[in-house]
Amino acid sequence: MIGNLKEENCTTLFPDLNTSHTDTYFLRIQNWPFMSTAVCEPVQIKVRDSPWSPSINIPADLKEHQSVTISCSALTPCPHSPPELTWSLQQDSHRQTEKNTEGTFTTKIQETITLSDTHDGYNIRCSATYPVNGGSKTAETEVTLSVSYAPRNTSASISPSGLVSAGSWVELSCSSRAKPPASFTWFWNSRHGAFNVSVGQVYSFNATEGGEYYCVATNDLDSPWSPSINIPADLKEHQSVTISCSALTPCPDSPPELTWSLQQDSHRQTENNKEGTFTTKIQETITLSDTHDGYNIICSATYPVNGGSKTAETEVTLSVSYAPRNTSASISPSGLVSAGSWVELSCSSRAKPPASFTWFWNSIKVAEGEVHKFYIREGGEYHCVATNDLGNATSSRVCVRIKDSPWSPSINIPADLKEHQSVTISCSALTPCPHSPPELTWNLQQDSHRQTEKNTEGTFTTKIQETITLSETHDGYNISCSATYPVNGGNKTAETEVTLSVSCK
């Protein structure tokens, strides 16, 4: 509101907009009774005679087999009413309006294509259609692709044709479609092999001996045929597979030299294919192992060319499935743990496809999964088994020890001891980790045999025993037995003592 002026809309029409209307416009509002005035922000209007021509952007130095992105863009003075872009490439190209660094807007479409020799001389047209008063106006831009490519449709001809007399004049001509233009080399297949006899598009000579002639067209883009590596699908360890590398052979008497990263004494042979072409091939039979997974096989084909040779290379990576390898188990925290504390066991294994994991405590299945977390209540040995479709592997054992007092050993003595009696006395200790049993010692003979036994309830016991013949001197004799358990950073010992009571006869 200006004073008590009501808000109103004011519209100005340009019935026939032309370049003379280019100017700055503003709206001034006056309230005559109150002599108040308001001026709106100025508006700049620019009127062009014709729409902006779109711009086609193409990378420089185009070559066949090259993947290039071609774009068409047009200035967009009104971002909310962009021009419609169409061109002679695919019509479903993505269209987007972008804000440029200088504050202007551009509408763009683009397409990525892989070039071939057929794209050379191809005309790309792009049209930008702008909406205008009562219709639309269109501007178009056209560019012609210039694509370099290796020689194509190479052919040789002879004049005069047919039979010729010995010593007569013969002219051979070679033609090829290439960009840049090709250079030519002539070869003669004599009884003694192929020979390079001339350079140039035309080869003229006095014929003294018959034979086959052919020409080779070459330019900077002339690239040899890449070899092909053939590998069976679904590779597995222990499988015997035959891998081959083959290359097209346009000149059977001058085949390419094939080499690869497998054994170099592979058998090489040149074969005539059904379609009348020739192929040179090497192959090797190998027995797969897990070490072949990820192995790169490289095969090179080296073709003789004018003045030297050219090589093309192909590389493939083997994907070999194999049973679990290097399976191991770890515990966190390591060392002694308190009863009731939180323990995490982790299992790892190298396998393809990835392995699934099963956990065992003292040979009893307790969990599945790569990680086993639990509150520890009693010690023991844990191990994991990694399994996939091709097999399984067992980890080493992890011993979990409780850091409270060690188990006191137990001394077993027969009842009703009498002199002259032969008795067997044993000392035994619980063994939560059979692969790390406690050390038992006592004050009887120290060379007592020590053994670790599995009990019927699934636990383990370590035991030493001694047989002695009693006399009256044994009465009141103290037998002591110690069990020393290995713990983190040292060991812990528990001792038990009993007194013999021997009767005289």
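Please treat every number below as a calculation from the coordinates, not as lab data. Bear in mind that the values here come from a model prediction, so they are computed numbers and not experimental data. Here the Cβ positions follow ideal geometry from the backbone for every residue, glycine too, while neighbour counts run over all protein chains shown.
Details
- Taking amide hydrogens as placed 1.01 Å from N in the peptide plane, the amide H of VAL147 sits under 5 Å from those of ASP120, GLY121, each at least 5 positions away in sequence or on another chain.
- For the stretch 71-120, size of Cβ-based charge dipole, Lys and Arg +1, Asp and Glu -1, in debye: 260
- Pairs from the table (LYS236/LYS365; LYS352/LYS373; LYS281/LYS310) lying more than 22 angstrom apart at Cα are LYS236/LYS365; LYS352/LYS373.
- Placing dummy labels 7 Å off each Cα toward the beta-carbon, the span from THR424 to GLU209 is 10.1 nm.
- In order through the stretch 459-476: 3J(HN,Hα) via Karplus (6.51 cos²θ - 1.76 cosθ + 1.60), integer Hz, x for Gly, Pro: 8, 10, 9, 9, 9, 10, 8, 8, 9, 10, 9, 6, 9, 5, 5, 7, 5, x
- Backbone HN-Hα couplings from phi across the stretch 371-381 [Karplus 6.51/-1.76/1.60, Hz, Gly and Pro as x]: 10, 10, 10, 6, 8, 6, 10, 8, x, x, 9
- Its alpha carbons give the stretch 293-376 an Rg and a Dmax of 24.5, 82 Å.
- Debye, to nearest 20: dipole size of the stretch 106-223, +1 on Lys, Arg Cβ, -1 on Asp, Glu Cβ: 260
- With a Förster radius of 51 Å applied to the beta-carbon distance between THR311 and ARG125, the computed FRET efficiency rounds to 0.80.
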